[in-house]
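Heads up: the structure comes next, in structure tokens.
The values are calculated or read from the model by the stated rules, or taken from the named source; none is laboratory data. A quick note: this is a predicted structure, and the numbers were derived from the prediction, not measured. When we count neighbours, we look across all protein chains shown, and the Cβ atoms used for this are built from the backbone with ideal geometry, even at glycine. Accessible surface is based on the protein model in full, side chains and every heavy atom, while ligands, DNA and RNA are left aside. Shrake-Rupley method; radii C 1.70, N 1.55, O 1.52, S 1.80 Å.
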Amino acid sequence: MIGQTSDMGSNRLGALSEAVIDIAKGEDLKASLRRLVENAVALSGATYGALGALGKDGNLEEFTYVGMSEETADEIASFPEGKGLLGHLLTHPVPLRLNPIKSHPASSGFPAGHPSMVSFLGVPIRIRDEIYGSLYLTEKRGGEDFTEEDEQLVSALASAAGVAIDNARGLEAQHRVIVLAERERIAR
């Protein structure tokens, strides 16, 4: 995870570069996605972050979150299913900044046990022309609004993530082809 910096100008750009390099390592996709969320939280000054990935059916398949303890997560009645504001972002994949979250018509509130969240920044993650999912950040520290600069930095991070995910998929496919070819060779 990138370190937090006190000089928000050029240090944020350096932190973005570190985060992109971290994503590019891509040893394990699940671990890389978690680091992506951690880096986005640190880069934007958010308290909470999450990444929602779409399944083949178009619904949220995976939901990776950071910023809340396991105990708090266990108290939440139900995790997002891709409806409400999160679903809106998946069907309207453009960056969205809100304060308060409830000001958006698609906002449907929070389930029982969910921490209070007011400020919001959501950006899509694309792989070429495909929507992979969205990156969600909430509760900018200090009670501030997410800024246009936050949006640009997190959007750049999401773009880098799209490239890394695409590369990881390509490597997985290549590995499967190699395994199948080796099995065929052995069978002969």
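Computed quantities for the displayed model
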| read-out | value |
| --- | --- |
| The chain - percent relative contact order, Cα under 8 Å, separation 6 or more | 22 |
| Structure-based [θ]222 nm, the chain - -39500 (n - 2.57) summed over DSSP H runs of at least 4, per residue, nearest 500 | -15500 deg cm²/dmol |
| Ordering of 150-159, 85-94, 98-107, 35-44 by burial proxy (mean other Cβ atoms within 10 Å per residue, highest first) | 35-44, 150-159, 85-94, 98-107 |
| Two-site FRET efficiency, Arg185 against Lys25, from Cβ-Cβ distance with R₀ of 45 Å, rounded to 0.05 | 0.90 |
| Subset of Lys25/Lys83; Lys56/Lys83; Lys30/Lys56; Lys83/Lys140 violating a 25 Å alpha-carbon distance limit | Lys25/Lys83 |
| Solvent-accessible area per residue, Å², over segment 83-188 with all protein chains present [probe radius 1.4 Å] | 57 |
| Global form of segment 37-166, assessed from the alpha-carbon gyration tensor, a/c cut-off 1.5 | rounded |
| Dipole moment magnitude, nearest 20 debye, the chain about Cα centre, only Lys, Arg, Asp, Glu C-beta charged | 560 |
| Percent accessible area from carbon and sulfur atoms, segment 16-75, protein chains only, probe 1.4 Å | 48 |
| Farthest positive-ward along segment 7-142 dipole, Cα basis, beta-carbon charges - from Gly55, Ala31, Asn11 | Asn11 |
| Options Leu171, Ser69, His88, ranked by Cα towards positive dipole end of the chain, top entry (Cβ charges) | Leu171 |
